[in-house]
Amino acid sequence: MIRILTFVLVCGLINLSLYSQKPIKVNQIGFYPDSPKIAIIPGSDEGEFYIIDAITDEVVYTGEVKNTSVWIHSGETVMIADFTDFTTPGKYYVLHPTVGISYNFKIEDKVHRNLHKAALRAYYYNRASIDLKKIHAGKWHRPAGHPDTVVYVHESAATPERPAGYVISSPKGWYDAGDFNKYIVNSGISTYTLLAAYEHFPEYYNDLYLNIPESANQISDILDEARWNLNWMLTMQDPNDGGVYHKLTHLQFQTIMMPHEVTADRYVVMKSTGATLNFAAVMATAARVYEKYDPEFAQAALEAAEYAWEWAVENPEIYYVQPPDVRTGQYGDDDFSDEFDWAAAELYITTGNDEYWNARNFHEIDVGIPVWQYVRPLAWVSLLHHRDNLTDAADIELIEQRIIDQGNELLEEYNTSAYNISMGLYNDDDFVWGSNGMAGNHSVMLLQAYRLTKDESYLNTAQANLDYLLGRNATGYSFVTGFGSSTPMHPHHRASAADERNIEPVPGFLVGGPYAGHQDQCSWYPSTLPALSYRDDWCSYTTNEVTINWNAPLVYIIGAIEYFRNNK
Ligand code: G3I
Ligand code: 9MR
């Protein structure tokens, strides 16, 4: 009987399943047996939905659709299919008799583990100055790009000791994104987030094998990967004064080509307060994270951090101004108060020196969601993690309260959202350029509240945002290359777009995601509504580029969720 019912339902849906996206939206990777499980069904036809075994096509679960409501960010009326109490491992899809089906998903332990490795390996694939060998890179192997051993000091960065045209060597590091440039500001939040993942979950990462060139050493692979960028960052500090160059860049964006094909000159461009404080914060973090494994490096990182801090205190308002002959990314910022807070917090934690705590007024400052130009929340993340080892100067109650308040704000949004996610809190402001990074960073903050309180609603909401990124969203895409049934095939990523050998883009990259700014003038966006405004096309660099700062929260949240779901 069940088989017949399924057959009838599936046949009735053949037309619907010819749509380019399946109408029912679900995490296309899957769920842990004991985690919440939700699908979004468009329309208002409440009634029964079914979970179907993808191998046998049998109905294995019947539930009632509920909560019809409108999601203003996509203009859709949607319903919730909640099948949390179905816990049997396997491969399934969701079916609603009048609406259609979803893509397949799995229920199993460690369901996101491979995706987690891929999200980390994306950094390896974006390394400058190293051959990506077949044994590590598979079919995406390529010769080394950008040795960066001859880099010119740009006029904007000239000093008596290092005049314009002076040559420095500044190899390694990760390409920022789909472009080939290396930007200190964006490296700050990205590298920190990977270091925080390790600092918060060392047992998990000590076991995670990434198949990168350093995998055979005794250090965790995530720390080896982060070190590739830290080594580059260290070369961006001017040893004569402690200031840090804003970026290492071509004068303009290069056309579509493989990294090793590029021959244009490279420059370091002006020092800025923003870059110098990001550098100070990350080096102070690195000093404590690597102390056990490489004390010499840890010491060098701490000295570099303190030198940078001194420069920033003496030069508190050097804003990045793009020189007329430079056209690449700006990462410009007109408020460094959050960068000062973050660098002070990391230096305070690492050194135990009260002067850093006292340099800022932590009682007066708020939390928020981390993004490249707003890093204050990272100060609270680190203070929370180290709260039991701080000096008497710190106010632990304040630190805990700030984290809980931020978590509660996000829970409130989840509870009122038609999609059951926390995106949309500040209305359309969450749908910025890189909204997927924003969704990830919401979850980073929710996970801090969970780590502190062990209240499951924070963990569940953090996972709901991951479900959103992996397919339970208005576009129907799973936004990580290579993971899911419908994933980006044409990201704005030169090393993928120029690769004539492979149809599939480099895997493991989270694309920027829905955003209605449309500055790229790529035509045919399906909608002007922010949550639907996404195109899987090279031309859409405002929605379909990849970057190190969007992948970093993805790594953090998957690692944390995998750890907590399997170690409760
Ligand atoms: O600061 C204003 C704010 O005051 C205003 O309310 C808001 C309204 O739109 O805009 C804010 O400015 C935005 C800015 O980011 C800061 O958030 C701009 O509109 C927006 O266009 C800008 O986007 C940045 C983009 O570069 C263009 O500069 C993205 O955040 C940033 O991720 C992206 O970074 C690029 C690099 O430059 C180059 N490498 C690739 C990378 C990713 O695309
Ligand atoms: O490829 C560039 C991308 O990395 C940047 O995020 C984006 C915005 O700064 O710019 C892209 O380059 C475009 C340039 O700005 C304008 N001409 C077309 C380039 C993309 O093909």
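The values are calculated or read from the model by the stated rules, or taken from the named source; none is laboratory data. Source: prediction; values computed, not measured. Neighbour counts are summed over all protein chains in view; Cβ atoms, including those assigned to glycine, are modelled from backbone coordinates with ideal geometry. Just so you know, the surface numbers come from the protein's heavy atoms only, side chains and all, with ligands and any DNA or RNA stripped out. Shrake-Rupley method; radii C 1.70, N 1.55, O 1.52, S 1.80 Å.
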Taking the alpha-carbon centre of each part, the distance from the range 194-252 to the range 311-337 in Å is 23 Å
Per residue, accessible area of the chain with a 1.4 Å probe, heavy atoms of protein chains only, in Å², comes to 37 Å²
Quick calc, the chain, dipole around Cα centre from Cβ unit charges on Lys, Arg (+) and Asp, Glu (-), nearest 20 debye, gives 2160 debye
Listed by chain and number, the aspartates and glutamates with an alpha carbon less than 14 angstrom from that of Lys110, same-chain partners under 8 positions apart left out, are Asp34, Asp207, Glu562
Amide H proximity to Lys271 below 5 Å, modelled H, separation 5+ or other chain, gives His246
With a Förster distance of 22 angstrom and the Cβ-Cβ distance between Thr453 and Ser69, calculated FRET efficiency to the nearest 0.05 equals 0.20
Simple SL model, points at 7 angstrom along Cα→Cβ for Lys139 and Asn389; separation in nm is 4.5 nm
Summing +1 per Lys or Arg and -1 per Asp or Glu among the other residues with Cβ less than 13 Å from Tyr319's Cβ gives -4
Taking 479-486, 361-368 and ranking on average Cβ neighbours within 10 Å, highest first, one gets 479-486, 361-368
Cα-only Rg/Rh for the chain with Kirkwood Rh rounds to 0.98
Between the Cα axis of helix 273-289 and the main Cα principal axis of the chain, the angle (0 to 90°, nearest 10) is 80 degrees
Note: Glu500 to Gln299 extended length (0.36 nm per residue) minus current alpha-carbon separation gives 67.9 nm
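Report the extension gain between Thr62 and Thr149 in nm, rounded to one decimal, defined as 0.36 nm multiplied by the number of residues separating them, less their alpha carbon distance.
Details: separation 87, 0.36 × 87 = 31.32 nm, distance 6.23 nm.
Residue separation times 0.36 nm, minus the Cα-Cα distance, leaves 25.1 nm.
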Summed over the other residues with a beta carbon less than 11 angstrom from that of Asp520, with K and R at +1 and D and E at -1, the charge totals -1
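Which order do the peptides 84-93, 46-55, 239-248 take when ranked by the mean count of other beta-carbon atoms within 10 Å per residue, highest first?
239-248, 46-55, 84-93
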Residue span Glu412 to Asp85: 0.36 nm per residue of separation minus Cα-Cα distance leaves a gain in nm of 115.4 nm
Rounded to the nearest 10 degrees, the helix 548-566 long axis (Cα) sits at an angle to the longest Cα principal axis of the chain of 60 degrees
Quick shape summary for the range 279-413, equivalent ellipsoid via Cα gyration tensor, semi-axes whole Å in descending order, reads 25, 22, 14
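Taking R0 as 41 Å, what FRET efficiency do you get between Thr98 and Trp524 from their Cβ-Cβ distance, rounded to the nearest 0.05?
It comes to 0.90.
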Here the percent of antiparallel bridges among DSSP beta bridges lying wholly in the chain, to the nearest 5, is 85 percent
Expressed as a percent, the accessible surface of the chain that is carbon or sulfur, using a 1.4 Å probe and the full set of protein chains, is 50 percent
With only helices counted (DSSP H, runs n ≥ 4, each -39500 (n - 2.57)), the per-residue ellipticity at 222 nm for the chain, to the nearest 500, works out to -11500 deg cm²/dmol
For the chain, the longest principal axis of the Cα atoms and the Cα long axis of helix 396-416 enclose an angle in degrees, to the nearest 10, of 40 degrees
Output ordering of 185-192, 33-40, 453-460, 324-331 (per-residue mean of other Cβ within 10 Å, highest first) is 185-192, 33-40, 453-460, 324-331
Given unit charges at Cβ for Lys, Arg (+) and Asp, Glu (-), the dipole magnitude of the range 195-329 about its Cα centre in debye, nearest 20, is 420 debye
Once the dipole of the range 70-143 is set up from charges on Cβ (+1 Lys and Arg, -1 Asp and Glu), the residue from the list Val70, Leu132, His96 lying farthest towards its positive end is Leu132
The summed charge of the Gly90 Cβ neighbourhood (under 14 Å; Lys/Arg +1, Asp/Glu -1) stands at -2
